[in-house]
1. What do you reckon, is B:E123 within 19 Å of A:G28 (Cα to Cα) and at pLDDT 95 or above?
2. Being of a type in the set (S, T, N, Q), more than 17 Å from A:G39 (Cα to Cα) and facing chain B (nearest Cβ under 8 Å) is the filter here; which residues of region A:106-130 pass it?
3. Check whether at least one residue in region A:22-33 is in contact with a strand residue (DSSP E or B) (Cβ under 6 Å, 6 or more places away or on another chain), crowded, with 24+ Cβ neighbours inside 10 Å, facing another protein chain (nearest Cβ under 7 Å) and assigned to a loop (DSSP other than H, G, I, E, B), and report yes or no.
4. Report, by residue number, each residue of region B:29-56 that is more than 15 Å from A:S119 (Cβ to Cβ), part of a helix (DSSP H, G or I) and out of contact with any strand residue (DSSP E or B) (no Cβ under 8 Å at 6 or more places or on another chain).
5. Every residue in region A:47-72 that is among the aliphatic types (A, V, I, L, M) and either within 25 Å of A:G20 (Cα to Cα) or within 12 Å of chain B (Cβ to nearest Cβ) (or both), please.
Amino acid sequence: TVGAVAVDKDGQIVAGTSTGGMTNKKFGRVGDVPIVGAGTYASNEVAVSMTGWGEKIMQAVSGHTVSAYMKHKPATVQEAGNYLLQDVLNEGEAGMIAVDKNGNTYLNMNTQGMFRGTSDSEGNRKVAIW
Amino acid sequence: KDWALVIHGGAGTISKEKPDSVVKAYKSDLDEALSVGEKILKEGGSALDAVESVINYLENNPKFNAGKGAVFTHDGGHELDAAIMLGNNRKAGTITGVKTIKNPISLARLVMENSKHIMFAGEGAEEYANQFDLERVNQEYFYTESRHKAWKRAIEEEKQDGAQSSVIEPGIPGDFFDEKKLG
């Protein structure tokens, strides 16, 4: 699974995810990626793309959970991402990237690793795996 | 901030024993993917174009499980999914179970921008794609040696474990999720 989230100079905020699914997948099983609100979600608060164990990501309605937590708590994207990965999902289940409407970014996982990268107009830039 | 971009290439149990050359190659490709999006955003381009172009780059890169490099289904084929969503007006386009679309995220965007619907599945999604000038490929295009080996291993393991159905039948006691379900 691959994903990207971005906010541009006009305040457009977008989430995208694409996947080849799961090895040995049967019976037309569908994972979280194409389920709006689960593996891919964007509101006027935040854009979220998930990766990992699709069934768990769907059960947690992950992307929407992050957005609702930010809007109604209220909370930052860091607090909402940590809530999802540490309180809602279990160890080893998922990775998450997100950007909020102000360009604050979040990239974290409760798995051993996640291929990830981030960059912004203030020159903050990094690529990581573990 | 004028703009911000975050990308991922998948999460899971990524072995730390990978040789340095492999780690460097992955980091270089993630770097390249970032550059694709940065160029668009720096020049005042849209987040939609940046997200689609970054994911096109990753879909075309056989290292990642999307597009070229997609894993194998039980039947030895490839079924791809993608979704894109614009938060400002909550417009979204998603597709699932496509087999001939080289860049699924681009079809998802076409759904978002041209259809009154949000999600198309399987043959319906393929048929919807026919009205656009979208690159189509056959299933061999998605083949990579490493994913083929992983598929063979999964089939072997399944034979040893007994027919582990991936359909969750009612009545299976306890935790019916099988660790092998990690996408």
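The values are calculated or read from the model by the stated rules, or taken from the named source; none is laboratory data. Quantities reported herein were computed from a predicted structural model and do not represent experimental measurements. As a convention, Cβ positions derive from the backbone with ideal geometry for all residues, glycine included, and neighbour counts pool all protein chains shown.
1. Details: within 19 Å of A:G28 (Cα to Cα): yes; at pLDDT 95 or above: yes.
Spelling it out, B:E123 is indeed within 19 Å of A:G28 (Cα to Cα) and at pLDDT 95 or above.
2. Passing the criteria: A:Q112, A:T118, A:S119, A:S121.
3. The answer is yes; a qualifying residue exists.
4. In the first step, residues of region B:29-56 are kept if they are more than 15 Å from A:S119 (Cβ to Cβ); the result is B:44, B:46, B:48-49, B:52, B:55-56.
From what's left, part of a helix (DSSP H, G or I): B:48-49, B:52, B:55-56.
Selection gives B:D49, B:N56.
5. Our first condition is that a residue be among the aliphatic types (A, V, I, L, M); within region A:47-72, this holds for A:47-48, A:50, A:57-58, A:60-61, A:66, A:68, A:70.
Within region A:47-72, A:A47, A:V48, A:M50, A:I57, A:M58, A:A60, A:V61, A:V66, A:M70 qualify.
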